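For reference, the structure is listed below as structure tokens.
Every number here is computed from the coordinates shown, using simple stated rules; none is lab data. Owing to the predicted nature of the structure, the values given are computational and were not obtained by experimental measurement. Note that each Cβ is placed from the backbone with ideal geometry, even for glycine, and that neighbours are counted across all protein chains shown.
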Amino acid sequence: MANGTLPENKMKWYLIEDSLFLKEYVKACSVGIFKAKNMSDMNLT
């Protein structure tokens, strides 16, 4: 990527995969925070 040799279609694929992963990761963290009993537990997610 740094030297510009990564094909554009591969870069798009990585960006899409990353955004899908982050969306699901945020959902999982949200559930953990919602179920936490106190602020200390929220920081563990």
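Things to note:
- Filtering the stretch 19-45 to residues that are loosely packed, with under 10 Cβ neighbours inside 10 Å and outside any helix (DSSP H, G or I) leaves Lys37, Asn38, Asn43, Leu44.
- Residues in the stretch 3-18 that are outside any loop (DSSP other than H, G, I, E, B) and either of a type in the set (Lys, Arg) or surrounded by 10 or more Cβ atoms within 10 Å (Cβ to Cβ) (or both): Lys10, Met11, Lys12, Trp13, Tyr14, Leu15, Ile16, Glu17, Asp18.
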